[in-house]
Amino acid sequence: MSGSRAEAEEKVGSRQRLQVKVNEYKENQNIAYVSLRPVQTTVLGKTAKVYLVPFSLSSYKPDQLKHSKSLLDKNSNNEVACKKCKKAEIKKTCRRILTPKMEATSSKAESSLQKSSLDVHAESNKWQYKSTSDTVILSADTESSQDGDSDEGTTPGMDDFSGLSPYEKKRLKNISENANFFASLQLSESAARLREMIKKRQPPESKRKKPKKKENETGCRRSMRLLKVDPSGVSLPATPTQPILVADENPLLPPGPLEMTSENRDDNSELFKGFLQTWAEVSKTRSKNTEKELSSIKSYKANLNGMIISEDTVYKVTKGPIFSMALHPSEIRTLVAAGARSGQVGLWDLTHQPKEDGVYIFQPHSQPVSCLYFSPANPAHLLSLSYDGTLRCGDFSRAVFEEVYRDERSSFSSFDFLAEDASTLIVGHWDGSMSLVDRRTPGTSCEKLINSSLSKIRTVHVHPVHRQYFITAGLRDIHIYDARFLNRSRIKPLISLTEHTKSIASAYFSPLTGNRVVTTCADCKLRIFDSSCISSKIPLLTTIRHNTITGRWLTRFQAVWDPKQEDCIIVGSMAHPRRVEIFHERGKWVHSFLGGECLSSVCSINAMHPTRYILAGGNSSGRIHVFMN
């Protein structure tokens, strides 16, 4: 017994006692962090292995990891018993450390958020100081290589516990995995709570507050009058405000006949009475010239060259732009009529001298006068049509403007005579409808109201020979209708001309035979069609390039035929110097009327005398320019 005990003591003495310093454990937000990395120290050519157990600083006790020295002083003869005691002691230690940790994880997670970062830092420094003084002395078996029961499937650091059985190693591995799981759970809960705390502590977005306006503050550089204060500083009494009555710019004139009263003359003057009497006596109708042979272009040009303008033949007749013009067919006197945008109708008798004595202005309408004609049956009658929905006849013999047709719900654009005796009329509306008016019936209503296929109607013109046909100029299309088939429903045109690409201004038949149609379009083209045979299609003969862009402030151009020479058209021009031009139906230039200083503006609306070489042009200021032999 004594020999075996001595041998055991020698073996125990030969074992090297190693003092291993426990690795520092870091804790972030009170979460247990364990380093399983073994610390190897070489002493006397032998390697000592150290086994570390996970634990938390919050549940740490200084004497927790110190093993009893009795385990090292036992009899070495019973090595198996020593190993069993060592394994049991390790099991107890692990249970004592890990079991309370797993049970109190949830409660510690809540308490850990309440600790500040300064407390955690102080506690970690305190533990670091203590850990330097406390050491754990573990007995290391130098013959552990004989216990080769290591499990290769364990986590890193667990295979160094060579003194444990496989079951104990597996048990210790499960305990470590559970500790890591609860640590990660605690980390996610802490992060979520931290986010909530950050959101709660984040200040709300504050909108910029507008500075309050100070009441009764005197503004800088404001006059005493604007502040309603007299020079002494006393506030002025408030003046009572009276409602301002805004008068209608274009009030409708009362229905019924209107007296022919001149706006620029005294109605009782002898001059005005003589004017009315003179034009009442001029009642001869103009001679029919349908069988008259056309003069040659050479003689026509010679007559045009003899037409001149002077200061005596230029005068402002109306207020505002001129929208329509007409020349009386008298052979002995020269009378020019002009319709203005203001609703005025101006008459100028050029035989009177001085010229101011021959101008008379009337107000039969309240809106623009877009169409004027002297009656073919009685030249003493002047018919005028306006946007205000009225059509009136000025009778010089009675000195009255009679109302022929009235429709306040619509706006009229143009009209023409269906019969040679001027008893029936066709009236075009801006909304695309047409009216058939019979002057022989009492009242001021129409006989028929027809809805056309056009969205707008700008001009209406009747064929001079076959008077059942009439042509209308719409927004983009030109239609020819037969008056014998007019009904109240929407009618279809006989012919449609769709060659125009932009807005159309006018369309007129040639004055003697009606074999040609001239159109004016905003695409800077004048088109002439062959209407000698009205069938399903009318061919295009000529296209004349001409600047028709007048702009906003000028009246639109309208190319019209010369009633004496129906193969020539008259149109205004934008060229400099200002002029009025005449073209042949084949597109050739014929003549330009230049007036020098007497013609310094654009004449948009022009009219030629039916038998004499007299041309009258009106501009957008109400001025009339007359060229004559």
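The values are calculated or read from the model by the stated rules, or taken from the named source; none is laboratory data. Only a predicted model underlies this, so the values are computations on that prediction, with no experimental measurement involved. Glycine also receives a Cβ, built like all others from the backbone with ideal geometry; neighbour counts cover every protein chain displayed. Please note that ligands, DNA and RNA were not included when accessible areas were found on the heavy atoms of the full protein model with its side chains. Shrake-Rupley method; radii C 1.70, N 1.55, O 1.52, S 1.80 Å.
Within segment 526-545, restricting attention to residues that are outside any strand (DSSP E or B) and in contact with a Phe, Trp or Tyr (Cβ under 8 Å, 6 or more places away or on another chain), the residue that is most open to solvent (accessible area, probe 1.4 Å) is P539. Filter segment 424-439 down to residues that are within 45 Å of the chain's Cα centre (by Cα) and part of a loop (DSSP other than H, G, I, E, B), then give me how many there are. Selection size over segment 424-439: 3.
Would segment 440-462 turn up any residue that is touching a His at 6+ places or on another chain (Cβ under 8 Å), hydroxyl-bearing (S, T, Y), surrounded by 15 or more Cβ atoms within 10 Å (Cβ to Cβ) and part of a strand (DSSP E or B)? Checked segment 440-462: no residue is touching a His at 6+ places or on another chain (Cβ under 8 Å), hydroxyl-bearing (S, T, Y), surrounded by 15 or more Cβ atoms within 10 Å (Cβ to Cβ) and part of a strand (DSSP E or B). Quick one: in segment 546-562, which of the residues that are farther than 14 Å from I582 by Cα and in contact with a strand residue (DSSP E or B) (Cβ under 7 Å, 6 or more places away or on another chain) is most open to solvent (accessible area, probe 1.4 Å)? Ranking the qualifying residues of segment 546-562, first place goes to R556.
Taken across segment 522-532, residues that are of a type in the set (A, V, I, L, M), in contact (Cβ under 8 Å) with a residue 40 or more places away in the chain and touching a Lys or Arg at 6+ places or on another chain (Cβ under 9 Å) do occur, with at least one present. For segment 547-590, residues that are in contact (Cβ under 8 Å) with a residue 40 or more places away in the chain, part of a strand (DSSP E or B) and within 20 Å of A507 (Cα to Cα) total 11.
Collect the residues in segment 252-276 that are within 48 Å of the chain's Cα centre (by Cα) and open to solvent by 60 Å² or more (accessible area, probe 1.4 Å), keeping them in residue-number order. Of everything in segment 252-276, those that are within 48 Å of the chain's Cα centre (by Cα) and open to solvent by 60 Å² or more (accessible area, probe 1.4 Å) turn out to be L252, P254, P255, E263.
Hey, does segment 486-493 have a residue that's of a type in the set (A, V, I, L, M) and in a strand (DSSP E or B)? No: segment 486-493 contains no residue that is of a type in the set (A, V, I, L, M) and in a strand (DSSP E or B).
Listed here are the residues, each with its yes/no results for (1) modelled with pLDDT under 65; (2) surrounded by 10 or more Cβ atoms within 10 Å (Cβ to Cβ).
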{"site": "F181", "(1), (2)": "no, yes"}
{"site": "E189", "(1), (2)": "no, yes"}
{"site": "K200", "(1), (2)": "no, no"}
{"site": "P204", "(1), (2)": "yes, no"}
{"site": "P211", "(1), (2)": "no, no"}
{"site": "E217", "(1), (2)": "yes, no"}
{"site": "S223", "(1), (2)": "no, no"}
{"site": "G233", "(1), (2)": "no, no"}
{"site": "T239", "(1), (2)": "no, no"}
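May I ask you to list the residues in segment 338-374 that are among the small types (G, A, S) and either surrounded by 19 or more Cβ atoms within 10 Å (Cβ to Cβ) or part of a strand (DSSP E or B) (or both)? Hits for segment 338-374 are A338, G339, A340, S342, G343, G346, G358, S370.
Only residues that are open to solvent by 30 Å² or more (accessible area, probe 1.4 Å) and either assigned to a strand (DSSP E or B) or of a type in the set (V, I, T) (or both) were counted across segment 391-423, and they come to 2. Could you check, for segment 480-491, whether at least one of its residues is modelled with pLDDT under 95, open to solvent by 30 Å² or more (accessible area, probe 1.4 Å) and among the acidic types (D, E)? No, there is no match, as no residue in segment 480-491 is modelled with pLDDT under 95, open to solvent by 30 Å² or more (accessible area, probe 1.4 Å) and among the acidic types (D, E).
Residues of segment 440-474 that are within 15 Å of R484 (Cβ to Cβ), among the β-branched types (V, I, T) and over 41 Å from the mean Cα position of the chain (by Cα): V462 alone. With respect to the conditions (1) hydroxyl-bearing (S, T, Y); (2) more than 28 Å from I332 (Cβ to Cβ); (3) in contact with a helix residue (DSSP H, G or I) (Cβ under 7 Å, 6 or more places away or on another chain), Y613 lacks only one, and its number is (2).
Applying the condition of being basic (K, R) and over 48 Å from the mean Cα position of the chain (by Cα) to segment 332-358 and asking which residue is farthest from A399 (Cα to Cα) yields K355.
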